[in-house]
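Working notes, structure below.
The values are calculated or read from the model by the stated rules, or taken from the named source; none is laboratory data. From a predicted model like this one, the values you see are computed outputs, not experimental measurements. Neighbour counts are summed over all protein chains in view; Cβ atoms, including those assigned to glycine, are modelled from backbone coordinates with ideal geometry.
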Amino acid sequence: MGIREKIRLGFLSLGLLLFFSGVISYFELNRLSVSTQSMLGASLRNMELSKTMLDAVQDQNTALLQMIVSGTRNSDSLLVAGRQRFETAVGEAGTAIRDLQRVDSIYAASIRYNEVVNSYLRDSLTHDNMGGFVEIYKTSYSALTSSIKNFMVSSQRAMDTKAKRLEDNAYRATIPGFVALLIAIVIVGIFYYFINLYYIDPVLRITGGLKAYLNSRIPFKVTVEGRDEVYRLKEYIESLIDQLKSRRNE
């Protein structure tokens, strides 16, 4: 194999190594990007649903307080609208989110809360123990809002866990690049060593031997390993020197 082919093969091997490492890193980083977007989207959706549920419960609470203060049912529409918003948000959470245990706890607390509210609406005209009702209502309202807040906190914890997993994935995505860089450095070092051993040093020896012959008539004795262009160059020089010697002898 000639010098040109050897050098071409060396650079081609190095280029292929860097190319494949780049492809692997690209797909790993692309997968990491998709996972990050999915995680951020799910976290944002959890926060939006939690806020919607809290706002809906607050609307129901406001409507009920207005009815208690006024002694009328004029805020029924606000109560119904708040309940519908809450049920819609809970349904979306149960469909889109995997933390079904937290969603079930919210659903159970909402059933208890609705029972208390419906009991007041049914017996509002004959309700003679408002103090007892307020205590029961406060308990059910607190349980419902706490379950929603726990859902929000659990979503944040799940995001922290996923963020840690993404950090590990990011580290793994950079490994092929670092490995390829280290291998490339090793290959360049080996490449330089062999070029220096088989090409640069022999050319320098040939140049030195030829200079010594021309200046001092020191016999041209240079050893070159291999059978490539450098070796043939040494043979051509020896052949030329032999021809010159033959012409002098004649």
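In region 75-93, the residues that are among the acidic types (D, E) and surrounded by fewer than 20 Cβ atoms within 10 Å (Cβ to Cβ) reach residues that are at pLDDT 85 or above and assigned to a helix (DSSP H, G or I) with C-beta atoms within less than 8 angstrom, at least six apart or across chains, in these pairs: D76/A63; E87/S110. Tallying residues that are loosely packed, with under 10 Cβ neighbours inside 10 Å and either assigned to a helix (DSSP H, G or I) or modelled with pLDDT of 60 or more (or both) within region 114-128 yields 2. Would you confirm whether any residue within region 156-171 is at pLDDT 65 or above, in a helix (DSSP H, G or I), closer than 22 Å to Y113 by Cα and aromatic (F, W, Y)? Checking region 156-171: not a single residue is at pLDDT 65 or above, in a helix (DSSP H, G or I), closer than 22 Å to Y113 by Cα and aromatic (F, W, Y). Annotation: of all residues in region 210-235 being under 60 Å from the mean Cα position of the chain (by Cα), in a helix (DSSP H, G or I) and not charged (D, E, K, R), the one that is modelled with the highest pLDDT is L233. Restricted to region 206-250, and to residues there that are among the basic types (K, R) and under 25 Å from I7 (Cβ atoms), the residue that is surrounded by the fewest Cβ atoms within 10 Å (Cβ to Cβ) is R227.
Does region 195-227 hold any residues that are of a type in the set (A, V, I, L, M, F, W, C) and touching a residue at least 12 places away in the same chain (Cβ under 8 Å), and which are they?
Here is the first cut: in region 195-227, the ones of a type in the set (A, V, I, L, M, F, W, C) are 195, 197, 200, 203-204, 206, 210, 212, 214, 218, 220, 222, 224.
Listed by number, the residues that qualify are I195, V203, I206, L210, F220, V222, V224.
Restricting to region 25-53, give me the number of residues that are modelled with pLDDT of 75 or more and β-branched (V, I, T). Of the residues in that region, 1 qualify.
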